[in-house]
Amino acid sequence: MVGISRRVGVVLFQLGGPDSLAAVEPFLYNLFCDPDIIDFPFSRIGRRPLAKLISSTRAQKAAQHYAAIGGGSPIRKFTERQAAALEAQLQSRGIDARCVVAMRYWHPFTAEAIAELEAVHPDGSPNQKSCVVLLPLYPQYSSTTTGSSLNEWRRRWKGTAPTPCITNFYRHPLYIAALVERINETLARFPDSEAVQLIFSAHSVPVSVIDQGDPYQRQIEETVALAMERGAWPNPHCLCYQSKVGASRWLQPSLRATLRNLAGRRVRSVCVVPISFVSDHVETLGEIDHCARQEARALGIEHFEMMPGLNDSPTFIAALAALVKRAIAEADLQQADRKDKAADLKDKEEDRVTGVAALSMAAD
């Protein structure tokens with residue numbers, strides 16, 4: 001039996017997804033109402049009508065993708081499994097953890113996660129250290145994903161506990177190890193694994209976001225390099241982007257263009273690695289494993305495989321646990337430093353008061 005040494009809340013942030021076909025349009029409305037996604041002059045006035053227009057226009061097509069994967073997004077199921085596995089691992093290490101899920105655009109929303117957390121951990125108790133670790137499940141940082149989730153948290157959270165935040169984890173050795181494990185498992189499905197073209201596919205973002213200094217593209221490219229180095233595969237590889245929305249310029253090349261290019265070069269075996277996602281959802285199961293698979297077949301690509309999401313991979317959960325432990329340790333150091341500074345200020349004030357008193361007595 002491991003002794004419980006401290007009390008910690010952990011919030012796992014994710015995009016979320018509609019849990020039914022009827023939820024597709026309101027989910028899209030919430031997405032396009034996000035000021036971190038849709039921003040333009042006078043957007044406070046025009047954002048909601050525009051979100052209503054976009055969501056109603058796109059709902060039918062989007063619903064077809066969700067219908068193809070069972071009628072709703074499995075992202076909540078997978079994220080809750082991750083939360084349960086992480087909670088168990090932290091508790092086995094002596095941390096009284098309560099892990100909750102906060103989805104950005106569908107249930108459970110951030111406000112629901114906060115209510116759940118406060119019901120169990122109302123900022124700790126006098127004899128137990130307490131903090132709330134913020135863990136966005138986006139390996140690479142972008143203002144459109146991690147930034148948006150944290151902005152919503154700041155709008156909603158009224159607690160007093162310290163809230164150390166993990167803003168990215170794409171460099172963590174255990175995360176890279178989990179990726180390599182999954183890629184190896186997928187390559188094992190091919191009769192000649194070394195002849196397979198690796199396609200790393202990341203969610204695209206508008207070029208304008210990158211031009212404003214967002215580090216997402218650089219971090220995606222570094223993740224691919226780290227995975228290739230750790231995996232030591234001789235396979236050719238490339239990076240592309242998916243899930244573009246609207247007419248503005250987004251990161252390229254697209255997954256579709258990449259498949260066409262490879263087919264034109266007579267590549268016949270491809271393995272697609274969803275490099276920016278940690279859970280299976282519509283953009284992996286629908287966009288890649290269904291739509292891209294069909295397109296690859298039509299182009300003459302004979303063997304198409306997609307790497308499954310990390311989901312509740314033990315190595316990935318170990319990575320999350322290590323990240324949380326490090327965040328707690330850093331929060332403790334910061335708190336101790338603040339206490340030391342406060343004590344120093346108190347001592348200086350006492351010395352000042354004593355000096356003033358001594359001068360006054362001497363004058364008398």
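Per-structure values
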| read-out | value |
| --- | --- |
| Among the residues listed as 292, 327, the single one being assigned by TED's automatic domain parsing to the domain that holds residue 197, under 25 Å from the mean Cα position of the chain (by Cα), crowded, with 17+ Cβ neighbours inside 10 Å and not aromatic (Phe, Trp, Tyr) | 292 |
| Test for residue 41: is it over 28 Å from residue 118 (Cβ atoms), in a loop (DSSP other than H, G, I, E, B), at pLDDT below 95 and not assigned by TED's automatic domain parsing to the domain that holds residue 243 | yes |
| Some residue of region 60-72 being within 30 Å of residue 132 (Cβ to Cβ) and touching a Ser or Thr at 6+ places or on another chain (Cβ under 8 Å) | yes |
| Scan of region 102-112 for residues that are of a type in the set (A, V, I, L, M) and either within 10 Å of residue 157 (Cα to Cα) or not assigned by TED's automatic domain parsing to the domain that holds residue 158 (or both), ordered by number | 111 |
| Condition broken by residue 310, with the remaining ones in (1) in a loop (DSSP other than H, G, I, E, B); (2) farther than 17 Å from residue 181 by Cβ; (3) under 16 Å from the mean Cα position of the chain (by Cα) satisfied | (2) |
| Any hit, region 48-66, residues being of a type in the set (D, E, K, R), within 26 Å of residue 281 (Cα to Cα) and either assigned by TED's automatic domain parsing to the domain that holds residue 279 or not in a helix (DSSP H, G or I) (or both) | no |
| Single match in 278, 273 (criterion: of a type outside the set (S, T, N, Q) and touching a Gly at 6+ places or on another chain (Cβ under 8 Å)) | 278 |
| Selected residue (only one of 97, 119 is over 30 Å from residue 290 (Cα atoms) and touching a strand residue (DSSP E or B) at 6+ places or on another chain (Cβ under 9 Å)) | 97 |
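The values are calculated or read from the model by the stated rules, or taken from the named source; none is laboratory data. The shown structure was predicted, so the numbers you read here are calculated from the model rather than taken from an experiment. All Cβ positions, even for glycine, are placed from backbone atoms using ideal geometry, and neighbour counts span all protein chains on display.
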